[in-house]
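Working notes, structure below.
The values are calculated or read from the model by the stated rules, or taken from the named source; none is laboratory data. Predicted, not measured: the structure shown is a model, and the values here were computed from it. Every residue, glycine as well, gets a Cβ built from its backbone with ideal geometry; the counts of neighbours run over all protein chains shown. Each accessible area value is taken on the protein alone, full model and side chains, heavy atoms only, with ligands, DNA and RNA left out. Shrake-Rupley method; radii C 1.70, N 1.55, O 1.52, S 1.80 Å.
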Amino acid sequence: QVQLVESGGGLVQPGGSLRLSCASSGMIFNMGWYRQVPGKTREWVGTYGSGGITNYSDSVKGRFTNSRDTAKNTVYLQMNNLKPDDTAVYYCRILGTNWWGQGTQVTVSS
């Protein structure tokens, strides 16, 4: 079983930036990012796929960027121009599996 460890969340003001990391204990092929607000269903945010192909939800497109460090088995989610609506717990998951990270809280507030 692959373990995923997330880091990088925190409190940031609107318009600020954060970079989330998702470190895997094994090789990463396709990684998805999701977020969840209490009382709501988990929402897909973006995907880093094989060949470096990335996709994003309309709500974050143009502001969030996926990248990967293959040597470190780590995928990053760079989040720019953050908005209060981006406040959530963010999770990574290896697509096609039920292997999730533990989640990291992102709070956007002035």
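The figures follow:
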quantity: Coil-residue trypsin sites (Lys or Arg not before Pro) of the range 1-47, DSSP, other Cβ within 10 Å capped at 16; calculated: Lys40, Arg42
quantity: Cα extents of the chain along the three principal axes, largest first (Å); calculated: 38, 27, 22
quantity: Potential extension, Ile53-Gln78 segment - 0.36 nm per residue separation minus Cα distance; calculated: 7.5 nm
quantity: Accessible-area value, Thr41, 1.4 Å probe, nucleic acids and ligands omitted, Å²; calculated: 120 Å²
quantity: Residue order for Leu18, Leu11, Leu95 - accessible surface, 1.4 angstrom probe, largest first; calculated: Leu11, Leu95, Leu18
quantity: Set of lysines with alpha-carbon distance to Lys61 below 23 Å, sequence-local pairs under 8 removed; calculated: Lys40, Lys83
quantity: Accessible heavy-atom area order of Lys83, Lys72, highest first, probe of 1.4 Å; calculated: Lys72, Lys83
quantity: The chain: most fluctuating residue of Gln36, Gln13, Gln78 per GNM, C-alpha cutoff 10 Å; calculated: Gln13
quantity: Potential lengthening between Arg42 and Ser17 on full extension [0.36 nm per residue; Cα-Cα distance subtracted]; calculated: 6.8 nm
